[in-house]
Structures are given as C-alpha cells and as structure tokens.
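Presented below is the structure to which this report refers.
The values are calculated or read from the model by the stated rules, or taken from the named source; none is laboratory data. Bear in mind the structure is a predicted one, so any value in this text is a computation, not a measurement. We place every Cβ from the backbone using ideal geometry, glycine too, and count neighbours over all the protein chains shown. For the accessible areas, the whole protein counts, side chains as well, though only heavy atoms, and no ligand, DNA or RNA atoms are used. Shrake-Rupley method; radii C 1.70, N 1.55, O 1.52, S 1.80 Å.
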Amino acid sequence: MKIKNNHSLKKYNSFGININSRYFTTIKNDANIDELLAWRKQSDQELLLVGGGSNMLFKNDFQGLTAIIETKGIEIVKEDGEYTYVKVAAGENWHQFVRWTVENGYTGLENLSLIPGTVGAAPMQNIGAYGVELADCFDELEAVELTTGNIKTFNKQACQFDYRDSYFKSTAFGEYLIKNITVKLSKNSQWKINYAGLKNSLAGQELNALNISNAVIALRQSKLPDPAIIGNAGSFFKNPIISQAQWENIQQSHPTLSGYPQKNGDIKTSAAWLIDQCGWKGRQQGDAGVYKKHALVLVNYGDASGEDVWSLAENIIASVNKRFGIRLEAEPRLIT
Ligand code: EPU
C-alpha cells in the first residue's frame with residue numbers, strides 16, 4: 001500500500017469537485033486491507049473509505065487518509081432450486097456487475113442498471129430505483145471491523161436496510177470496511193415494471209432481464225446527467241416522508257403531488273416535485289446548478305466548489321421549507 005501526499009480527489013468524486021486529500025491510497029487486495037488496519041493503529045488521522053465517490057460532496061480539502069476501494073472478483077458461491085448466490089468484491093463497479101448478471105441469465109438486479117458507484121457502497125444506502133432496492137436481492141455481506149480487524153458476516157436483518165439507509169450508514173457509521181456482498185438471484189423471474197415510464201418503454205417487448213435493463217438505461221439516460229460529462233451525485237435530496245395530514249393539506253391545492261403510503265401511515269412524497277414547484281429546475285448559481293431535466297439532481301457545470309453546491313442546496317432547502325413547511329434532507333454524504 002503506497003501512501004501519496006496531497007493527492008487530488010477530482011477524479012474520485014462524481015461531482016468532479018477539485019479538492020485534495022492530505023494522504024491518499026488505493027486498496028486492491030487483502031494484503032492492502034491489513035496494511036490499512038496497521039496504519040490506522042499507529043495514526044490518529046481520520047480515514048475516509050471511498051468506492052465510486054458517487055454519493056459524496058466534499059466541501060473542503062480532506063485532512064486525513066482517503067483509501068479508494070478497488071478490490072475485484074465475482075464468484076458464484078451456491079445454488080439451490082430457487083436462487084443462485086453470487087459473491088462480489090466491494091471494488092467492482094455496480095453497473096458492470098448488474099450487466100454481468102443480465103448477460104449470464106441471472107435475474108433480480110436489472111432495475112438497478114446504471115446506478116453509479118461500487119458494489120461495496122451499494123448496501124451503505126440500500127441503493128434503489130424503479131421499484132427495486134438492493135435489500136430485495138441481498139443475502140449477506142462480509143465487513144472488516146476497523147478497530148479489531150475481525151471479519152464479520154451480516155445477514156439482511158443485521159444490515160437494517162431502510163429507504164436509502166442501513167446499519168453502516170447510521171449506527172455503525174465509520175466502523176467497518178465492507179469487503180464483499182452476496183446477492184441471491186432468483187431462478188423464477190418476477191419482473192417489476194410498475195413504474196409508469198418503465199412499463200411504457202417496454203410496451204410490445206418480450207419481458208426479460210436484458211430488455212428491462214436496456215429500458216432502465218434508456219430511461220435514466222433521458223432524465224439524469226452522466227457524471228462523466230456533468231458532475232453530479234444522482235438524487236441530491238431524499239424523498240421526504242411526511243404525515244398523512246400534511247400531505248392531504250398540500251394535495252388539496254396541488255393535486256399533481258404524488259404520495260406513497262409507508263407502513264406506519266406516513267406518506268413519502270416527491271422532493272423533485274417540491275423543488276420544481278419552487279421554480280428551481282434549470283437554475284444556476286455560478287457553476288452549481290439544478291439539472292434542467294430533473295429537479296432532484298444538483299450538478300457541477302465546471303468549476304463549482306463543494307461550498308457552491310452546498311450553498312445552492314441550502315437555498316433550495318430554505319425555499320421548499322418556506323413554501324411547503326417540509327425540510328428536505330441531503331442524500332449524499334457531506335465531507336466538511
Ligand atoms: N418530478 C417533478 N419535476 C422533476 C422531476 C420529477 O415534478 O423535475 C416529479 C414527477 O411528478 C415524478 C416524480 O417527481 O413523477 C418522481 O420523479 P422520478 O420518477 O424521477 O423519481 P424520484 O422520486 O425523483 C427516485 C430516486 C431515484 C430513482 C428514481 C426512479 C430518490 C431520492 N431518488 O427519484 O434514485 O432513480 O426514483 O426509481 O429516492 C438516486 O438515488 O440517485 C436516484 C437517481
């Protein structure tokens with residue numbers, strides 16, 4: 001494991017924010033993980049583990065060690081009558097892994113095509129799109145406890161998956177390095193195409209994992225900016241969950257507001273709609289902007305700093321709060 005000094009993270013965060021990490025390294029194998037644990041024992045510097053850097057906003061230079069997880073490997077570990085179990089290293093690219101499953105005839109992850117980031121980052125916030133989330137196909141993961149070096153296995157329940165949330169993003173934040181995840185892919189495919197846009201674009205086509213994956217890719221490309229071209233971190237805000245009374249109150253005067261009932265009776269509503277209603281879609285503040293095709297995505301049109309993006313986000317939060325009394329929460333992790 002080589003440690004470099006004052007290394008730019010521009011290439012390692014999908015917002016393309018030009019900041020430096022005081023120390024920088026890459027983790028490619030188990031030996032590198034052991035070296036990282038040894039470094040951590042004798043250093044009081046902060047450690048930042050990064051996968052694809054696609055759910056982070058750096059506001060300043062990072063003063064500790066940034067370790068980019070680049071471990072690779074895909075392995076079929078078990079098969080039974082119902083499922084094929086596939087174990088994947090944390091550093092694999094998520095979308096390339098999804099395409100591997102689709103091309104090899106395994107089903108379950110096709111709706112999660114083209115989500116940026118790595119496999120190891122996927123359980124952190126239980127990635128989801130078009131009616132499916134990682135938890136639906138999740139079996140278990142292995143993680144290294146950073147203080148002891150012990151490797152622990154977490155089943156689905158232990159991961160405490162929730163909407164864009166998990167044990168690793170909440171209670172155990174910063175305590176583990178996720179080494180690999182195992183997904184169970186069904187042999188009896190049950191396609192989930194209820195999301196209106198997806199159903200429409202599949203009309204007249206045979207339903208199979210490849211066609212669904214291709215339709216999801218086309219849908220995402222039509223609405224969401226490619227981070228390789230315009231810096232962004234996907235949805236910048238979570239969809240807020242509000243009380244039924246508050247939702248009905250807004251819905252009376254704004255019938256186009258969507259709402260998805262939650263188990264406890266609250267309603268998850270659309271952050272994009274709220275932001276759009278407040279007139280933010282397509283607006284720019286310096287090089288930071290709200291994407292013109294989707295109000296939930298903040299973008300870096302060139303040289304925006306993390307502070308520029310965050311100041312735009314704060315203005316949006318204040319404006320939605322003032323008009324609708326709903327406080328939006330950022331989805332990406334803020335590195336201050
Ligand atoms: N809408 C607007 N204006 C816009 C865009 C959308 O008013 O500019 C309204 C429309 O009424 C639309 C509704 O918002 O029907 C919902 O929009 P969309 O279907 O695009 O989904 P979303 O709730 O905004 C979520 C995820 C996305 C995921 C899509 C599709 C979150 C925070 N975001 O977005 O995930 O791809 O559903 O399933 O849950 C991500 O997390 O990075 C991400 C892209």
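Highest mean packing first, where packing is the average number of other Cβ atoms within 10 Å per residue, the peptides 12-24, 247-259 line up as 12-24, 247-259.
Roughly how many Å is it from the Cα centre of region 91-139 to that of region 208-264, as a whole number? Cα centroid of region 91-139 versus Cα centroid of region 208-264: 18 Å apart.
Helical content of the chain, expressed as a calculated mean residue ellipticity at 222 nm, amounts to -7500 deg cm²/dmol (DSSP H runs of 4 or more residues, -39,500 (n - 2.57) each, divided by residue number, nearest 500). Sequentially through region 268-282, phi angles give Karplus couplings (6.51, -1.76, 1.60; θ = phi - 60°) of 8, 10, 8, 5, 4, 4, 4, 5, 4, 4, 7, x, 8, 4, x Hz, Gly and Pro residues having no value and appearing as x. Report, in whole Å, the centroid distance computed from the Cα atoms of region 159-174 and region 178-206. Value for the Cα centre distance between the two parts: 24 Å. In the structure shown, the pairs Lys41/Lys184; Lys59/Lys184; Lys28/Lys187; Lys4/Lys41; Lys41/Lys152 are assessed against 26 Å; a Cα-Cα span above that value is assigned to Lys41/Lys184; Lys59/Lys184; Lys28/Lys187. Normalised by the number of residues in region 4-69, the average gap of Cα pairs under 8 Å and 6 or more apart makes the relative contact order 42 percent. Applying 0.36 nm per residue to the separation of Ile151 and Leu37 and subtracting their alpha-carbon distance, the gain on full extension is 39.8 nm. Under a Cβ-only charge scheme (Lys and Arg +1, Asp and Glu -1), can you give me the dipole magnitude of the chain about the Cα centre, in debye to the nearest 20? Roughly 640 debye for the chain. The slack in the chain from Lys322 to Lys11, taken as 0.36 nm per residue of separation less the alpha-carbon distance, amounts to 108.3 nm.
Put simply, the amide H of Thr26, placed in the peptide plane, has neighbours under 5 Å in Lys2, Ile68, leaving out anything fewer than 5 places away on its chain.
When the solvent-accessible area of region 225-335 is split by element, carbon and sulfur atoms take up 45 percent of it, the probe being 1.4 Å.
When both bridge partners sit in the chain, DSSP labels roughly 80% of those beta bridges antiparallel. Using the Karplus relation 6.51 cos²θ - 1.76 cosθ + 1.60 with θ = phi - 60°, the per-residue 3J(HN,Hα) values for region 78-87 come to 6, 9, 10, x, 9, 10, 10, 9, 10, 9 Hz, with x marking Gly and Pro.
In the structure displayed, which of Lys238/Lys281; Lys223/Lys281; Lys10/Lys72; Lys72/Lys179 lie more than 18 Å apart, Cα to Cα? Pairs exceeding 18 Å: Lys10/Lys72. Judged by the mean number of other Cβ atoms found within 10 Å, the most tightly packed of the peptides 297-304, 130-137 leads the ranking 297-304, 130-137. Taking every protein chain into account, the accessible area of region 125-207 amounts to 50 square angstrom per residue (probe 1.4 Å). Along region 13-23 the Karplus relation, 6.51 cos²θ - 1.76 cosθ + 1.60 evaluated at θ = phi - 60°, assigns HN-Hα couplings of 9, 5, 6, x, 7, 8, 10, 10, 9, 4, 10 Hz to successive residues, with x for each Gly and Pro.
Remark: relative contact order (region 112-230) = 28 percent; criterion is Cα-Cα distance under 8 angstrom and separation of 6 or more residues. Please tell me the relative contact order of the chain in percent, rounded to the nearest whole number, where contacts are Cα pairs under 8 Å and at least six residues apart. Once normalised by length, the contact order is 17 percent.
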